[in-house]
Amino acid sequence: MELDDIDKFIVDKLIENSRVSLRSIARELRLSPATVHERIQKLLARGIIKGFTVIVDYKKLGYDVTALIMISVEGKYITEIETWLAQQPEIVAVYDITGEFDVAVIAKTRNMSELNKLVKRILKHPHVKRTVTSIAFNVVKEDFRLPVLQTSERTTSSSALHRSRRV
């Protein structure tokens, strides 16, 4: 889905800080807050922005275990299993993958006992053939905020974005 540079700039600002004010974004773009609000509403309506959230340090909340669970599923049940996995509260990401396994999930639990219960719950599902679990010793980076403007585009000043709007 194609976005102009102004929409990309707005999305990047919201990715950086979902609490940023419309006035602040508008000021940088030299647009009215009403125009920025309208663009955000259109981005929401198009499903480009799915919601606004916070970034949590799960370790500080007691979630000491991060695990990658690779799952092999009976072929025709992959979508059903993925939907079920996405509903499990400990699972923070579900990926439909290629290769030896069909599904990869990232799970966060408070301890090994909770992870053990989750893996056993997954294995009890009748269409799950097997799992392989890897535990992260250390989470080096965990940030799903990907900038929308490319690096070269980000060097463009907001005033250049403003000028391009008039063309």
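Readers should treat all values here as calculations from the given coordinates under stated rules, not as data from a laboratory. Model, not experiment: these values are computed from the prediction. Glycine gets a Cβ as well: all are built from the backbone with ideal geometry, and neighbour counts include every protein chain shown.
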The size of the Cβ-based charge dipole (Lys, Arg +1; Asp, Glu -1) of the chain about the Cα centre, to the nearest 20 debye, is 540 debye
Residue-ordered couplings for the range 32-49, obtained by feeding phi - 60° into the Karplus form 6.51 cos²θ - 1.76 cosθ + 1.60 and rounding to whole Hz (Gly and Pro as x), are 7, x, 4, 5, 4, 4, 4, 5, 4, 4, 5, 5, 5, 4, 7, x, 6, 9
Of Asp57, Asp102, Asp143, the most mobile residue in a GNM of the chain (C-alpha springs, cutoff 10 Å) is Asp143
Expressed in nanometres to one decimal, the distance between label points 7 Å along Cα→Cβ at Leu61 and Lys124 is 2.5 nm
The longest stretch of the chain containing none of the trypsin sites (Lys or Arg not before Pro) that sit in a DSSP loop with at most 15 other Cβ atoms within 10 Å is 51-109
Mean shadow area (nm²) of the C-alpha convex hull around the chain is 12.4 nm²
In deg cm²/dmol, rounded to the nearest 500, the helical mean residue ellipticity at 222 nm of the chain, built from -39500 (n - 2.57) for every DSSP H run of length 4 or more, is -12000 deg cm²/dmol
The FRET efficiency for Arg30 and Val140, from their Cβ-Cβ distance with R0 = 45 Å and rounded to 0.05, is 0.70
Taking a ≥ b ≥ c as the square roots of the eigenvalues of the Cα gyration tensor, with a/c under 1.5 meaning rounded and otherwise prolate when a/b exceeds b/c and oblate if not, the range 13-91 is oblate
Simple SL model, points at 7 angstrom along Cα→Cβ for Val132 and Asn116; separation in nm is 2.3 nm
Using alpha-carbon coordinates alone, the radius of gyration and Dmax of the range 5-54 in Å work out to 9.9, 27
Over all Cα pairs of the range 58-135, the Kirkwood radius sets Rh, and Rg/Rh then becomes 0.96
Per the charge dipole of the chain (beta-carbon charges, Lys/Arg positive, Asp/Glu negative, Cα centre), the residue among Ile135, Val54, Thr83 reaching farthest to the positive end is Val54
